[in-house]
1. Pull up the cross-link candidates among the lysines for A:LYS130, meaning alpha carbon to alpha carbon under 19 Å and not fewer than 8 places away within one chain.
2. Using square roots of five times the C-alpha gyration tensor eigenvalues, list the equivalent-ellipsoid semi-axes of the protein assembly as shown in whole Å, biggest first.
3. Name the long-range amide H neighbours of A:ASP65: under 5 Å, sequence gap of 5 or more, or other chain; modelled H, no Pro or chain starts.
4. What does the charge count around A:VAL116 come to, taking other residues whose C-beta lies under 13 Å from its C-beta (Lys +1, Arg +1, Asp -1, Glu -1)?
5. If I fit a long axis through the Cα atoms of helix B:140-168 and take the longest principal axis of the Cα atoms of chain B, what angle between them do I get, 0 to 90°, rounded to 10?
6. Taking the alpha carbon gyration tensor of region B:187-252, what are the square roots of 5 times its eigenvalues, largest first, to the nearest whole Å?
7. Any number yet on Rg/Rh for chain A, C-alpha, Kirkwood?
8. According to the square roots a ≥ b ≥ c of the eigenvalues of the Cα gyration tensor, what is the shape class of region A:153-223, taking rounded for a/c under 1.5, prolate for a/b larger than b/c otherwise, and oblate for the remainder?
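Please treat every number below as a calculation from the coordinates, not as lab data. Keep in mind that this is a model prediction, so the values were computed, not measured. Here the Cβ is made from the backbone with ideal geometry for all residues, glycine too, and neighbour counts use every protein chain on show.
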Amino acid sequence: MSMSAGALQVQSLTKVFRDRGGVAVRAVDDVCFEVKRGEVLGLLGPNGAGKTTSIKCILGLMRPDSGRITLFGQDIQAAYPRILGKMSAVLEGSRNLYWRMSVWENVAFFSALHGVGSREDREYFGYLLKLFSLDEKRHTEVRKLSQGMKQKASVVCALARRTPLVFLDEPTLGLDVETSLELRSVLKRLAREEERTFVVSSHDMDVIQDVCTRVVIMSSGRIVVDDQVSHLMSLFRTRAYRIRLRGPAPQALEERLTQEFASVRVTDAETDAEIRVALSEDGDIYRLMDALRGEDAVIDEISHEEVDLEKVYLEIVRGERMRS
Amino acid sequence: MKLVSVLGAVFRRDWTMMKRYIVNSVSTLVSIYMIFILIFAGLQSMSGYVKTGALEGSLEGTIIGFFVWTFTIYAFSNLAWNLTNEAQTGTLEQLYLAPCGFKWVAASTLISDFVFSFVPIMLLLAAMMATTGKWLRVDLASLVPLLLITLLGAYGVGFALGGLALVFKRIQALFQIMQFVFVGLLVIPMRVPAAKYMPLVLGNDLIRRAMVDGVRMWRLPPGDILTAVAVGAAYLAVGVAVFSWCERVAKNRGLLGHY
């Protein structure tokens, strides 16, 4: 194994499903990305974007049509199934557990499948249960736990296998705000302390923004963005504008702006109108000004819009939809 | 050694599950015993052969057939039903993430099922013998290897049906039909041409010879034992091949985690 190798390299991954009529759907289309050791990567995208399919292809639970996947320098196909000793996953949250067994029994069982169960390992299980505030429930059957606790138990089961790469598909699904915050804090701590590599797929932008250093955004089976979260945010911070008009927006203005800019939103208050827009090219600001002047709109104030990852994500996905 | 670790884990899981579902485990055995009682009562009222002794030997055959059938049902259905249930509850994909490969997890489940079903089914045998008053020879040193040889074919069917369940999902009706097919196989007389090449048939006959005639395993004809092993191994190999093919189809279509 090459020491300089990243944790995961995905090259030209393609997965095509065929329906009963033989019509092909490219669920994952020529996807390439890399995850460095110790990195926490966010995998984002709307439903059907190809996130889960990509993860399952990497885990060997689905057979890709083409592409090459390398894990810590080893070709996955050549080293399967031994290579599974290097990765674990939460795929369907609480459904990944035996509900008639206790939290501890589940953790011990799934870890033993990976050959993990020494005295030191069991101490680590206890450490994880404490970290996730499940220590008092360790001997409780999973079916008797709340949804949030089940979800956390499922994450503990994946982490307890001590694999260097962990996939978390929707780890905060169904969690309340407090539990979600707790989970995020623990994940950050583990990534920092144990230098493990995480790939987190989620619709919860707060989780991704809080936990991940880099994001890959997928849409219709393709990667549309692969960037550092901080860079993406600063990029959009400089592109997102809020323009307050003096008086209501002229009648034709909204129609004209919608035609020219994919992400524009015009809100008309009783006295003033407000325009929010993310511009994708340098020259767009001049086009915007021309449009406002052309419709006799009077600008009262222009400012950079405060952005968060959710807005960035929505701009990207909507823009991608417009293009396709 | 991960293989041993996996086997141990599966044993602990199945022991835990058996305790948690104790009512279900006991009621299954009671139901099987009740069916036997009904068959026994039916045979008695129809021919009165037990009293006259006119069909001496059939009763022993019925007990042994029922005993082997129970083991067979446990052997084939545990794998096939478990696969369906694991896919339904969502744990199947996690089992597929085992670095030793899923087939070893499945094999461990079969071994564990055999061990945990052995004592209850032996108790069932004792109950059947007590009910009928026919006491058969139970020599474990002969009986256990002969049972395992006989069940190879049933395990093959279990793998094949488990594989089909991965792809087609709702095939429980086929599982139930198979239970009757096994009854048919266990009542086929050895004089039927090619009967010994069918799953269970020769093994069942060898068990009958060991339990009724009191022949120890090493005194049975080696040719018959080798044939039973070869036939069982062939059905197991076919079952595993069908399972592997279905697994490949399920992975191609992304069906492993679906139900």
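1. Straight-line reach from A:LYS130, under 19 Å: A:LYS144, A:LYS150, A:LYS152, A:LYS188.
2. Working: eigenvalues 780, 113, 95 Å².
The three semi-axes for the protein assembly as shown are 62, 24, 22 Å.
3. Amide H to amide H, under 5 Å and 5 or more residues apart or across chains, A:ASP65 pairs with A:THR14, A:LYS15, A:VAL16.
4. Details: positive: A:LYS86, A:ARG119, A:ARG122, A:ARG161, A:ARG162, B:LYS2; negative: A:GLU120, A:ASP121, A:GLU123.
Charge balance in the 13 Å sphere: +3.
5. For helix B:140-168, the angle is close to 40 degrees.
6. On the way: eigenvalues 193, 31, 19 Å².
Rounded to whole Å, the semi-axes are 31, 13, 10.
7. Working: Rg = 23.3 Å, Rh = 21.9 Å.
With Rh from the inverse mean 1/r over Cα pairs, Rg/Rh is 1.06.
8. Values: a/c = 1.58, a/b = 1.21, b/c = 1.31.
Oblate, since a/c reaches 1.5 and b/c is not below a/b.
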